[in-house]
Amino acid sequence: MKEHKANKAPLDKQNWYQKHVYVCSRQGSGGKKNYERKSNNRRNIPEKRIDGGCKARLTIKTYPDTTAVRGLYNSAHSHPIGSANLVYTNLSKETLALVQEKLRQGVNRKEVVRLSIRCSDFDESDRLNPSDGLTRDKLITYRDVARVDRDKENQFIRLDRSDDISVLKHVERLRDGGHFVFLKGRMPVAWMMSSDGTQPTIEFYLRTVRSETPAVIPKEFMTDRDHAQINAIEHIYPESTVRWCKWHVLHAWRQHFCIPQFPVLWDLLQKWIRASTHHDFDSIWQLILNLDAHECPPSVIAYLKEYWINFKHYWSAVYRQERT
């Protein structure tokens, strides 16, 4: 996906709510500035992005006057498609699962490539003259298997207790080399790992942290809608402000309705949590209340009224202004 954005115009001047632009993967989804190579080394992996990009794209918009989704589709690609384009595509999920299973069984990378994943009658000339019956899975290489193996290894990597020292030394080397480095020092860090998430346990943990670092009073705490955490924080650090994480708030809301069936409601909720003035907040809330039953389930309105509207100072952007 190249672009995903919401309309930032005032609500009374919006002719569409949200826009998604899907482009061909060979167009690239990064910025407009071209990548400058650092060396003249030859790439063995084919370059996926083509000069000038690919013109094929699908633009989708949602509108305030209808629940229908309208789109504009350009299907003309600027490059060959079909077998000639296989080398730039991804392996199937089935093949990836098979590779992962073989690697977990201890099969070495070369053996995985040699097994039934790759056709016995396939040779390197097929890359230059691909046939119509060829699939991406038949083009699997050692590099594909190595990439899957590295991803598997990364899941088990853990930091050593002395890694903080090596990180600081690396930062010093970067700073000596003239790089801009910003790294805070002497900030107390602590973790609580417990199967008991009740308020007394959390208060004990926070009280211990505060006794060890009495001069450090956090300006704000970020948490989800967990009243055990909220009450404990407000009891031990009454000077601090508690904020609810926007992601957790939106995640809680979306559990109470199906987004594809109620796109207008979902778009308004995302704007509601980000509204920075009381006027915008109240205006969007009124729009939500005015939605018909086919645009917003009545149970969602009741849920928001009971569990969220009276706690808006925790999660609304209205109460997060003038911060540095």
If R186 satisfies all but one of (1) modelled with pLDDT under 70; (2) loosely packed, with under 10 Cβ neighbours inside 10 Å; (3) more than 30 Å from E234 (Cβ to Cβ), what's the number of the condition it fails? (3)
Tell me, please, whether a residue that is more than 26 Å from the chain's Cα centre (by Cα) and modelled with pLDDT of 90 or more can be found in the range 253-266. no
Residues of the range 121-174 satisfying the condition of being at pLDDT below 70, surrounded by 10 or more Cβ atoms within 10 Å (Cβ to Cβ) and out of contact with any Lys or Arg (no Cβ under 7 Å at 6 or more places or on another chain): D126, R127, P130, D163, D164
Which residues, taken from the range 51-82, are touching a Ser or Thr at 6+ places or on another chain (Cβ under 9 Å) and either touching a residue at least 60 places away in the same chain (Cβ under 8 Å) or assigned by the TED database to the domain that holds V148 (or both)? V69
If a residue must be part of a loop (DSSP other than H, G, I, E, B) and of a type in the set (A, V, I, L, M), how many such residues does the range 215-253 contain? 3
Return yes or no: is V318 touching a His at 6+ places or on another chain (Cβ under 7 Å) and touching a residue at least 40 places away in the same chain (Cβ under 8 Å)? yes
Only one of (1) over 19 Å from W16 (Cα atoms); (2) in contact with a Leu (Cβ under 8 Å, 6 or more places away or on another chain); (3) not charged (D, E, K, R) fails for H251. Which number is that? (2)
D280 being touching a strand residue (DSSP E or B) at 6+ places or on another chain (Cβ under 7 Å) and part of a helix (DSSP H, G or I): no
Is it the case, given these coordinates, that I273 is hydrophobic (A, V, I, L, M, F, W, C), under 26 Å from K19 (Cα atoms) and touching a residue at least 40 places away in the same chain (Cβ under 8 Å)? yes
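The values are calculated or read from the model by the stated rules, or taken from the named source; none is laboratory data. Since the model is a prediction, treat every value here as computed from it, not as a measurement. Positions of Cβ are backbone-derived with ideal geometry, glycine not excepted, and every protein chain shown enters the neighbour counts.
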